[in-house]
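Take a look at the structure below.
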Amino acid sequence: MKFTVKKQDVVDALSKIQGICSKKTSSVITTCVLIRVEKDRIYITANDFETGFEGYYPADVESEGVIAINARKLYEIVKDFPVDEILVTEVENFWIEIGRGNIQFNMVGMNPDDFTNLPCVENASFFTMDSSLLKKMIERTQIISAGDDKKPHTQGICLQRVTVDEKTVVRMLSTDGNRLSKAECVLSEKVNMDDISGILILKKGIGEMTRILIPGKPIDIAIENNNAFFRQENETTVIRLLEGAFPEYSDYITWPDARKIRVNTKACTAMLKRMSILSSDDYKAVVFTLFEDKMTIRSTNPELGESREEVQIDYQGDSLEVAFNPRYMIEALGLIEDEYTILHITSGQTPCLIEGETDKSYLNVIMPMRI
Amino acid sequence: MSGFASIIGQLHAIGALTRLIDNHRIPNALLFTGIRGIGKRTTAVAFASAYNCVSDTQSPSSGNNGPSTACIDGRATPCGSCSSCKKIENGQHPDVILIRPEKSEIVIDQIRRLLQILAMKPYEARLRVAIVTQADQMNSFAGNALLKILEEPPDKTLLILTAEQPSNLLPTIVSRCQQLRFRPLSRSEIADILTRQHGIHANQAATIASLCGGSVGKALEMNDPGWLEWRDWMLDTLCCWDRLTVNVRLGIGEKLLASPTKLDQALDMLAYWRRDMLMAKFGKTTFIYPDKVNLIIQAATRYTVSDLIACLEEIHRMRHYLSARGNPKLLMDNLMLKLA
């Protein structure tokens, strides 16, 4: 095997897979990247059995072949290579020669037959969406990190594709048991395929995929067998799906009796930040009291002291008291782009819904704390 | 060679497994029991290959879109040459997960990692197989964590546990597994394995086979250079045991502790010797050390039956405390003082 390839192509691809190849698994081969040379291109593949990546790049091919080589070391070698074109030659017995002449590395590779191939993508039916929209949805759902209880629905993000009013809506859901995040986007073109009723994709894998995502280019998505495929031109990421299903959540987001409280997003965030100054792990709740056009927020920490702040809101009716973890609130508000945010509060025991005043594509649900 | 054909002996267990395959019935969990070194893990791996061999199978490619667990087809004779069989044999298959004790026990972290892997759908296997070897070495935390999978096994997943003594496992685990007993191998079977698969000379193989108690694992340990000499020394010591002073016995104890790998066998021999003496007392002739029969009969006259039984109990207690992580030095000194 012998080929010459542009340095930048390889460096970009290798930097994308470092996360995949650095993970500890039962098999040593996962630390390797597989380079397959065919016709006029090279295929770069990495696989840790949870997340996989494959990309192809143009190359000047002298002879075809396949090698497996430590991804981290190859990246370090290639990254600081002083020339723009890199010559790679397989010598024998998995020995690989990188460069020639003044600079030359000889590395021992591994048997490429041990490498587990990525699941086949050929027959998958893809739908296309804007990668920036996808990225935004991921940011909005990934804010909730994996829960400790190892339940599949807290370890993964749920992806749905449904048809609503003749339009295709892609929805992502994430929860850790205390809160839930729902992000939606409407595709510009209707997808004529069966709906995806809900699959769970590992949060870690999604994180890996966002690193690989190139903004501005459309992305093709397919769910096939046990895997989710994300393809952008020449690069494909494969993430293994989780067993199990996302729990039924519609009861948690429909509260017809909820009081709608309109707050300024930025001011409210700043206020909550002030309130959380005095909170600690043992005393993290901030208490919201709603009474006659006023919202009072206070946090009490017997070890440090207490703080209190008052804002004018539009509220009529009985006094209402509810406590939340301020961090959850701050994170939710941080993802709302509207100037004003609507808080839907029903009672001290029911969840609070947070959404933008006009942008209904994002909803955050936070369970209250016991006072 | 792979598959069940390579497993010598164990016809009963393999028959039961083949019936499972033929009847398209996959239990949630299997528990293989029997002394170590008789092919429990090898059989488990072969069973995994039986379900995942991809050469010329009925269902397409890797079978991810295949039927649910209820009708996954296996075959009693995996080819051993397809990519799936090879990966399973080399321990590279992403869906055949092997868990063995780290150091002396299986800890909860290992089980948690397994839970994490099982939370995902299988990578490519028709039937994912998680093999927990020496499951009786699982501590109680790990055992309870494993119960979770046994209670709600994921789809298309089979759990195989291997253990020497099911009584050392949590009863809640044993009750959730289909148990399959593996028998010690016969002398001729062991000799056959030793000569054919490990190239050991027939004479030596026969000697070892008669001593290893039906375990290939043990037999291979015995094949270590110096083992036979060590055994001869041990036997010589046993022959003159009743004439040894306390100091000498303590010295012997120290020597035994110095090679921890042989400690188990040393305790065996101490026990077998007394067992043979008991046999002699009751006029039986089934000796473990038939070549020393005269010495045994002679020595037996110097002990009473209750003395011998007390000694055996003492050895048994030593083993028990050792497994409960007692101080080996103190235990050995204690034993040597008591085995007069």
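Each reported figure results from applying straightforward, stated rules to the coordinates on display, with no laboratory input. Just so we're clear, the structure is a prediction, and the values are computed from it rather than from any experiment. Here Cβ is always computed from backbone atoms with ideal geometry, including for glycine, and neighbour counts include all displayed protein chains.
Remarks
- Peptides ranked, highest mean first, by Cβ atoms within 10 Å: ranges A:186-194, B:332-340: B:332-340, A:186-194
- In loop segments of the stretch A:257-319 as defined by DSSP, the GluC sites (Glu not before Pro) with at most 11 further C-beta atoms inside 10 Å of their C-beta are A:E292, A:E303.
- Distance from the alpha carbon centroid of the stretch B:126-140 to that of the stretch B:252-310 works out to 36 angstrom.
- For the listed residue pairs A:K182/B:K148; A:K6/A:K39; A:K23/B:K156; A:K24/A:K204, the alpha carbons are over 20 angstrom apart in A:K182/B:K148; A:K23/B:K156.
- Spacing of the modelled spin labels on B:R19 and A:V311, each 7 Å from Cα toward Cβ, amounts to 7.2 nm.
- Chain B: angle of helix B:108-119 to the longest principal axis, Cα-based, in degrees nearest 10: 20 degrees
- Net length gained if the chain between A:K260 and A:A245 were fully extended (0.36 nm per residue, minus Cα distance): 2.3 nm
- Most positive-pole-ward Cα, A:T175, A:G356, B:F182, against dipole of the protein assembly as shown from beta carbon charges: B:F182
- DSSP-defined beta bridges in chain B - what % are antiparallel, rounded to 5: 5 percent
- Choice from A:N93, A:N227, A:N111 with maximal GNM fluctuation in chain A (Cα, 10 Å cutoff): A:N93
- Net dipole in debye of the protein assembly as shown [+1 Lys, Arg Cβ; -1 Asp, Glu Cβ; about Cα centre; nearest 20]: 2600 debye
- Most mobile of B:K87, B:K281, B:K103 in a GNM of chain B (Cα contacts under 10 Å): B:K103
- B:F141/A:D282 FRET efficiency (R0 35 Å; Cβ-Cβ; nearest 0.05): 0.85
- Taking all C-alpha pairs of chain B, those more than 30 Å from each other amount to 46 percent.
- Across chain B, Cα pairs under 8 Å and at least six residues apart give a relative contact order of 17 percent.
- Taking the helices alone, the protein assembly as shown has a mean residue ellipticity at 222 nm of -10500 deg cm²/dmol, built from -39,500 (n - 2.57) per DSSP H run of at least 4 residues and averaged over all its residues.
- For the stretch B:194-240, size of Cβ-based charge dipole, Lys and Arg +1, Asp and Glu -1, in debye: 240 debye
- For A:K6 and A:V28, the FRET efficiency from 1/(1 + (r/R0)^6), where r spans their Cβ atoms and R0 equals 30 Å, is about 0.55.
- Whole-number percent relative contact order across chain A, with pairs defined as alpha carbons under 8 Å at least 6 apart: 13 percent
- The mean count of C-beta atoms from other chains within 10 Å of the C-beta of residues in A:20-30, rounded to a whole number, is 2.
- Farthest toward the positive end of the dipole of the stretch B:224-338, out of B:A310, B:L228, B:T245, is the Cα of B:A310, where the dipole comes from beta carbon charges about the Cα centre.
- Annotation for the stretch A:1-73: trypsin sites (Lys or Arg not before Pro) lying in DSSP loop with at most 13 further Cβ atoms inside 10 Å of their Cβ are A:K24, A:K39.
- Over the stretch B:3-181, relative contact order from alpha-carbon pairs under 8 Å, at least 6 apart, %: 32 percent
- Averaged over the residues of B:118-129, the number of partner chain Cβ atoms lying within 10 Å of the residue Cβ comes to 5.
- For chain B, with +1 on Lys and Arg beta carbons and -1 on Asp and Glu, the positive-most of B:Q10, B:W273, B:I26 along the dipole: B:I26
- Taking every residue in B:89-101 and counting other chain Cβ atoms within 10 Å of its Cβ, the average works out to 3.
- If you plug the beta carbon distance of B:D236 and B:V293 into 1/(1 + (r/R0)^6) with R0 = 22 Å, you get a FRET efficiency near 0.90.
- By the rule of a C-alpha distance below 18 Å, with chain neighbours fewer than 8 residues away ignored, the lysines paired with A:K273 are A:K284.
- Ellipsoid equivalent to the stretch B:212-301 - semi-axes via the Cα gyration tensor, in Å: 22, 18, 10
- DSSP-defined beta bridges in the protein assembly as shown - what % are antiparallel, rounded to 5: 85 percent
- Using the Cβ of B:R325 as centre and a radius below 14 Å, the other residues enclosed give a net charge of +2, where K and R count +1 and D and E count -1.
- A simple charge model with +1 on the Cβ of Lys and Arg, -1 on the Cβ of Asp and Glu and nothing else charged puts the dipole of the stretch B:224-338 at about 300 debye relative to its Cα centre.
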